[in-house]
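Values in this text are rule-based calculations from the coordinates and carry no lab data. Every value quoted in this text rests on a predicted model; they were computed, and no experiment measured them. All Cβ positions, glycine included, derive from the backbone under ideal geometry; neighbour counts span all protein chains shown.
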Amino acid sequence: MQYSVHSPTEFISTHLEQLLPSWSVPVWSVLVVLQLCQFALIERTAETENYKDQLRQQFIDFGNHVVSKLRAMGYLADMFDPCTGWPLNSPPGQLRLDDVAVVRSILGYSVVNCGLCMTLVHPTWGKAVYPSTLMSSAPPHVLKEVVNSILVGNKAHLDGSDFVTGECCLQSPPYLLTSQLPATPSRNTTTPARDGAVLPSRV
């Protein structure tokens, strides 16, 4: 798994009310989580859809720990469902989040059209990557500390993984975590927005 903590893009800040209408405070930090896939899941088959479900659930399990800890500290936090683009713990707004566009905007990774969906191209993993996103009202350094504490706390369950971390800043390279998480692109089938990562309708 690869993760990085960033300040929100201008698009996310501008469209917060349409993404998270119940939030009364701004988004101050964004957690991007990328999971390495065993193969590029471009075609829709029973096998690839099942694999995406596993990766989605792993992100949700991990994200729930992050959200719970941040909320206990008095911050707002929520994950966006990689499958639907809707927030998982907050009322949905008028816009859905597109994880592929988030990563393209924040990390500058390439995106290619694979027919039914736009697929992220990781500089090392290629198309074998599954992106997901979490947002919080906590400052970036607080979100990073929370993520690190959770990962270190679960290190015994991650098959002896090594955690490589660094300073949290806007355009820093993602921090790498090698774990036993199965290593797919998002299921979104709509072309991602240039800077926003949102879809305009509830499909």
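Structure notes:
- Within the stretch 79-101, considering residues that are of a type in the set (S, T, N, Q) and within 21 Å of LEU34 (Cα to Cα), the one surrounded by the most Cβ atoms within 10 Å (Cβ to Cβ): THR84
- So PRO82, is it in contact with a Gly (Cβ under 6 Å, 6 or more places away or on another chain) and in a loop (DSSP other than H, G, I, E, B): no
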